[in-house]
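Trainee: I have a structure I would like to understand better, so I am pasting it below and will then ask my questions one at a time.
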Amino acid sequence: MNITLCCTDTKAEPWLAGLRAAFPEATVDVWQPGSAQADVAVVWAPPQRFLDEQQALKALFNIGAGVDALLKLHLPPGVRVVRLDDAGMSVQMAEYVCHAVIRHFREFDGYEADMKAGKWSYRRPRDRKDFAVGVMGLGVLGERVARALRVFDFPVHGWSRTPKAIEGVFTHSGEVGLETFLSASRVLVNLLPLTPDTQDILNRQTLGRLQPGGYLINVARGAHLVDADLLALLDSGHLAGATLDVFRTEPLPPEHPFWQHPQITLTPHTSARTLRDESIAQIAGKIRALEAGQPIAGVVDAIRGY
């Protein structure tokens, strides 16, 4: 079996070492133009030329949870695209989102600014029941986030394309359920996959349905958000702020107004990083299952986009 690694902007050596340890009987190499045909490929942002060369490829294993960029390429016919189910990312995402929600709810950013200015301040405690958190997207990451938020006794709503049930979470689904979900939420967490249907979904209309003083946390993809609409809703006072980890252009251009906006907290696409050892173990298990003719989780539906 030939396993090929083709991961842009990723240090290859640790991945090669891990895959070779997992498959001592296989040939595991980094792709070079014109190199041997791959039976299985482990990829991140591969060039189209790599895919064009493959004639025997059975499966592409993406080393991130999002496959939107990969699905924009012309894939060899019949190849399966497989995403990571979790591999240590869901707990990181839960940490990040809970931190962002609690920082806003407890007004820690305001306290921090006051202390830096030498001001000893006091703010009246807020009522948790007034801070319902809505989680858009209830996949592996979204469900973990929703469950984590419940630990802190926030009312939690969840929205997904199809109906789902999560203990302690008010779930909504489909186009009909979206309006109810948004109007029930004061804090909105976006964890949707990026598809043609979800691009620009965070816009003036949807964000405007949040409760007054709403707050946005976007940890999915930058193309979900219409930047100008967020800025307008912040400046009008309908939204109180936002925490953004993803952007339409990354790194975020230095001239972008997000950098200087006092109500926006920025992080550099770091909410949930790929953990190499966990990812290699998961990918290896799925390759073995494929070899044995067994079903595997995480196979992407190209029509739905996830």
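Trainee: Would you pick out the residues in the stretch 39-57 that are in a loop (DSSP other than H, G, I, E, B) and within 25 Å of residue 13 (Cβ to Cβ)?
Mentor: Within the stretch 39-57, the subset in a loop (DSSP other than H, G, I, E, B) is 39, 45-47, 54-57.
If the condition is that a residue be in a loop (DSSP other than H, G, I, E, B) and within 25 Å of residue 13 (Cβ to Cβ), then 39, 45, 46, 47, 54, 57 are the ones that fit.
Trainee: I'd like to know if the stretch 108-125 contains one or more residues that are crowded, with 22+ Cβ neighbours inside 10 Å, closer than 24 Å to residue 95 by Cα and either in contact (Cβ under 8 Å) with a residue 40 or more places away in the chain or among the aromatic types (Phe, Trp, Tyr) (or both).
Mentor: no
Trainee: Still on this structure, I have one more. Could you list, in sequence order, the residues of the stretch 198-222 that are surrounded by fewer than 18 Cβ atoms within 10 Å (Cβ to Cβ) and touching a residue at least 40 places away in the same chain (Cβ under 8 Å)?
Mentor: Within the stretch 198-222, no residue meets the criteria.
Trainee: Please give the number of the condition residue 216 fails out of (1) in a loop (DSSP other than H, G, I, E, B); (2) touching a Leu at 6+ places or on another chain (Cβ under 7 Å).
Mentor: (1)
Trainee: While we're on this one: Among the residues of the stretch 128-150, is there at least one that is without any contact (Cβ under 8 Å) to a residue 12 or more places away in the chain and out of contact with any Asp or Glu (no Cβ under 6 Å at 6 or more places or on another chain)?
Mentor: Checked the stretch 128-150: no residue is without any contact (Cβ under 8 Å) to a residue 12 or more places away in the chain and out of contact with any Asp or Glu (no Cβ under 6 Å at 6 or more places or on another chain).
Trainee: Next question. Out of the residues in the stretch 142-162 that are more than 20 Å from the chain's Cα centre (by Cα) and surrounded by fewer than 14 Cβ atoms within 10 Å (Cβ to Cβ), which is farthest from residue 211 (Cα to Cα)?
Mentor: Step by step, filter the stretch 142-162, then rank; the result is 151.
Trainee: Separate question: Exactly one of (1) assigned to a loop (DSSP other than H, G, I, E, B); (2) of a type in the set (A, V, I, L, M, F, W, C); (3) under 22 Å from residue 101 (Cβ atoms) is unmet by residue 297. Its number?
Mentor: The number of the failed condition is (3).
Trainee: Further question on the same structure: Considering only the stretch 1-33, state which residues are in a strand (DSSP E or B), closer than 17 Å to residue 288 by Cβ and either at pLDDT below 95 or more than 27 Å from the chain's Cα centre (by Cα) (or both).
Mentor: Within the stretch 1-33, 2, 27, 28 qualify.
Trainee: Only residues that are outside any helix (DSSP H, G or I), of a type in the set (A, V, I, L, M) and loosely packed, with under 14 Cβ neighbours inside 10 Å: list them for the stretch 240-294, please.
Mentor: 292, the sole residue that qualifies.
Trainee: Residues being surrounded by fewer than 24 Cβ atoms within 10 Å (Cβ to Cβ), touching a Ser or Thr at 6+ places or on another chain (Cβ under 9 Å) and more than 16 Å from residue 178 (Cα to Cα): count how many of those fall in the stretch 129-141.
Mentor: 2
Trainee: Counting residues that are touching a helix residue (DSSP H, G or I) at 6+ places or on another chain (Cβ under 9 Å) and not hydrophobic (A, V, I, L, M, F, W, C), which helices (runs of 4 or more DSSP H) fully inside the stretch 98-192 reach at least 3?
Mentor: Once the helices (runs of 4 or more DSSP H) in the stretch 98-192 are filtered for at least 3 residues that are touching a helix residue (DSSP H, G or I) at 6+ places or on another chain (Cβ under 9 Å) and not hydrophobic (A, V, I, L, M, F, W, C), what remains is 140-151.
Trainee: Would you confirm whether or not the stretch 61-70 contains a residue that is in a strand (DSSP E or B) and under 22 Å from residue 190 (Cα atoms)?
Mentor: Checked the stretch 61-70: at least one residue is in a strand (DSSP E or B) and under 22 Å from residue 190 (Cα atoms).
Trainee: Condition test on residue 84, is it assigned to a loop (DSSP other than H, G, I, E, B) and either modelled with pLDDT of 95 or more or within 30 Å of residue 303 (Cα to Cα) (or both)?
Mentor: Spelling it out, residue 84 is indeed assigned to a loop (DSSP other than H, G, I, E, B) and either modelled with pLDDT of 95 or more or within 30 Å of residue 303 (Cα to Cα) (or both).
Trainee: Still on this structure: Scan (1) among the acidic types (Asp, Glu); (2) farther than 22 Å from residue 306 by Cα; (3) out of contact with any Ser or Thr (no Cβ under 9 Å at 6 or more places or on another chain) for the single condition residue 85 breaks and write down its number.
Mentor: Single failed check for residue 85: (2).
Trainee: Which pairs have Cβ atoms under 7 Å, sit 6 or more apart or on different chains, and link a residue in the stretch 36-56 that is under 13 Å from residue 78 (Cα atoms) to one that is of a type in the set (Lys, Arg)?
Mentor: Matching pairs, first to second residue: 39/58; 40/58.
Trainee: Further question: Looking at this structure, is residue 36 of a type outside the set (Phe, Trp, Tyr), more than 27 Å from the chain's Cα centre (by Cα) and not in a helix (DSSP H, G or I)?
Mentor: Here the answer is yes, as residue 36 does meet what is asked.
The values are calculated or read from the model by the stated rules, or taken from the named source; none is laboratory data. Quantities reported herein were computed from a predicted structural model and do not represent experimental measurements. So basically every Cβ, Gly included, is an ideal-geometry build from the backbone, and we count neighbours across all protein chains shown.
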